[in-house]
Amino acid sequence: MDLKDFKPENEDLYEILQIPFDSTIKDIKKAYRKQALKCHPDKNPDDKNAAAEFHKLSKILEILTDESARKAYDRLLKGRKEAAIRHSELDSKRRKLKEDLEAREKAAVSGQGGKSAAQLFKEEIDRLRKEGSKQVEEEMELMRKQFAEEQVKEEVWDSSKHRIKIKWKSDKHDAQNGGYTQDMLHRFLSKYGNITVLVMSPKKKGSALVEFDTKRSAEMAVDIEKGLSENPLELSWVDGKGPNPQAVKSNTIKETDFESITLMKLRQAEERKRLIEQMMAEDE
């Protein structure tokens, strides 16, 4: 959809926002945010219509949150709906009479300076285009902050909450530990991405824990890696289930998130110090 093809005078703006005709400003803003967040261009980079749809919603918000523009639009919408009802009720013989009557009514509009509802609404649209809308500016700023907060939540990957346990066959007296060493495990696993930590159990043979710095890397390792064909690896999530599919989409870290990310990394470092102790306790 091209934004220039959007003509609000021909649309039911309330229907687009999925709200009733008598909605409050609060309801209008709430409906706008709900739909605008879904079609935000940054969330839909592959959708060529996302930007136009997003701006269309902003135009609707601009009209319905401006008292004067909304009154003009409501008058136009009401007249159009009433005309449609009358038109549908008339048979073909009477339709011509009705159209003639409406033409005379339009020419004799009183109390509006001789202007039709459509003309008055167009004037309001032109005014908004020139003046801008404080309501829309505020909503756009709120939208930007809300979207940024969502992105931060999506981008932060706490590997300590998604540890992967690795098992393979190895007798407790096997000095070769089933054919696996720390370096070998690292070589097998690092092809999926950066490894945050990899610890082999110091007591129990055939056991290790690993963390990756991205969700994608962790999931691929669990789904694909088998290790040596003669002694396959078994990778599974420590908590018995993988991360929420919608929880993380990227591991990009913005400058504005530096402080929170740094605190998280420090906490992870402290947890890793206890990782070997935890493995030893579980082995016992």
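Taken together, the values in this text are just the output of simple stated rules run on the coordinates, not laboratory data. Note that the structure is predicted; figures quoted are calculated from it, not measured. Please note: Cβ atoms are built from the backbone with ideal geometry, for glycine as well, and neighbour counts cover all protein chains shown.
Tell me the GluC sites (Glu not before Pro) within the range 1-43 that lie in a loop according to DSSP and have at most 16 other beta-carbon atoms within 10 Å.
Within the range 1-43, the qualifying GluC sites (Glu not before Pro) (loop, at most 16 other Cβ atoms within 10 Å) are 11.
Using modelled backbone amide H atoms (1.01 Å from N, in-plane), which distant-in-sequence or interchain residues come within less than 5 Å of residue 40's amide H?
So residue 40 has HN proximity to no qualifying residue.
Name the long-range amide H neighbours of residue 208: under 5 Å, sequence gap of 5 or more, or other chain; modelled H, no Pro or chain starts.
The list, which skips near neighbours in sequence, is 166, 201.
Extending each Cα 7 Å along its Cβ direction at residue 44 and residue 182, get the distance between those two points in nm, one decimal.
Spacing of the two 7 Å Cα→Cβ label points: 5.1 nm.
Tell me, in nm to one decimal, what length is gained between residue 75 and residue 230 on full extension, where the rule is 0.36 nm per residue of separation less the Cα-Cα distance?
Using 0.36 nm per residue and subtracting the Cα-Cα distance, I get 47.9 nm.
Assuming R0 = 41 Å, can you tell me the calculated FRET efficiency for the pair residue 237 and residue 15, based on Cβ-Cβ distance, to the nearest 0.05?
Efficiency for this residue pair is about 0.35.
What is the gain in length, in nm to one decimal, between residue 142 and residue 161 on full extension, counting 0.36 nm per residue of separation less the C-alpha to C-alpha distance?
Numbers: separation 19, 0.36 × 19 = 6.84 nm, distance 3.09 nm.
Separation in residues times 0.36 nm, less the Cα-Cα distance, equals 3.8 nm.
Given R₀ = 25 Å, what would the calculated FRET efficiency be for residue 25 paired with residue 82, taking r from the Cβ atoms and rounding to 0.05?
Details: r = 25 Å, r/R0 = 1.01.
Calculated transfer efficiency: 0.50.
Measure off 7 Å from each Cα along the Cα-to-Cβ vector at residue 191 and residue 131, then give the distance between these two points in nanometres to one decimal.
Between residue 191 and residue 131, the label points sit 6.6 nm apart.
Sorting 238, 210, 197, 136 on the 10 Å Cβ count, fewest up front, what's the list?
Numbers: 238 13, 210 26, 197 17, 136 20.
With the fewest neighbours first, 238, 210, 197, 136 line up as 238, 197, 136, 210.
Taking H placed 1.01 Å from N in the peptide plane, check which residues at least 5 places from residue 197 or on another chain put their amide H under 5 Å from its amide H.
Correct list: 211.
Can you compute 3J(HN,Hα) from phi for each residue in the range 213-221, using the Karplus curve 6.51 cos²θ - 1.76 cosθ + 1.60 with θ = phi - 60°, rounded to whole Hz and x for Gly and Pro?
8, 9, 4, 4, 4, 4, 5, 5, 4
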